[in-house]
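Student: Below: one structure in structure tokens.
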Amino acid sequence: MVFEKIRELIVDQLGIEEDEITMNTHLMKDLEADSLDAVEIIMAIEDEFGIEVPDEDAEKFQLISDIVKYVEEKIEE
């Protein structure tokens, strides 16, 4: 499932525990990710799923569910 893979990428990037990440987790507020972390997470997602995430789309991501929904839509295209 997309959520599990994205959670794994975020865990690797931020060095946090998997149980800290749910669909309702806020990337910046809950996980204290900074803009560089966010860019690196997006790059890892692009590599993992073979998609491209334009900056204007990535800037809209706040919750983990936003990222999961976006990736699911992209890989269905």
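Read-outs throughout are calculated quantities, based only on the coordinates presented, and are distinct from any laboratory measurement. Since the structure is predicted, the reported quantities are computational estimates derived from the model, not experimental observations. Using ideal geometry, Cβ is built from the backbone for each residue, glycine included, and neighbour counts are taken over all protein chains shown.
Student: If you take every residue apart from Val68 with its C-beta less than 14 Å away from the C-beta of Val68, what net charge results, scoring Lys and Arg +1 and Asp and Glu -1?
Tutor: With Lys, Arg at +1 and Asp, Glu at -1, the neighbours total -3.
Student: Report the one residue of Val2, Leu63, Ile42 whose Cα lies farthest in the direction of the positive end of the charge dipole of the chain (charges on C-beta: Lys and Arg +1, Asp and Glu -1; origin at the Cα centre).
Tutor: Of the options given, the answer is Leu63.
Student: About the Cα centre of the chain, what is the dipole size in debye to 20, counting +1 per Lys and Arg Cβ and -1 per Asp and Glu Cβ, all else neutral?
Tutor: 200 debye
Student: Let me ask another. What is the fewest-to-most order of Val39, Val2, Val68 by other Cβ atoms lying within 10 Å of their Cβ?
Tutor: Ordered from fewest to most neighbouring Cβ atoms within 10 Å, Val39, Val2, Val68 come out as Val39, Val2, Val68.
Student: Which of the lysines could a cross-linker span from Lys5 if the Cα-Cα distance has to be under 18 Å and same-chain partners fewer than 8 positions apart are dropped?
Tutor: Hits, sequence-local ones excluded: Lys69, Lys74.
Student: Subtracting the Cα-Cα distance from 0.36 nm times the residue separation, let me have the gained length for Glu8 to Asp66 in nm, one decimal.
Tutor: Contour length minus the Cα-Cα distance gives 19.3 nm.
Student: Below 8 Å, C-alpha to C-alpha, sequence gap of six or more: please give me the relative contact order for the chain in percent.
Tutor: Contact order relative to length: 37 percent.
Student: Same structure again: Give the separation of the Cα centroids, the stretch 31-63 to the stretch 1-29, in Å.
Tutor: 12 Å
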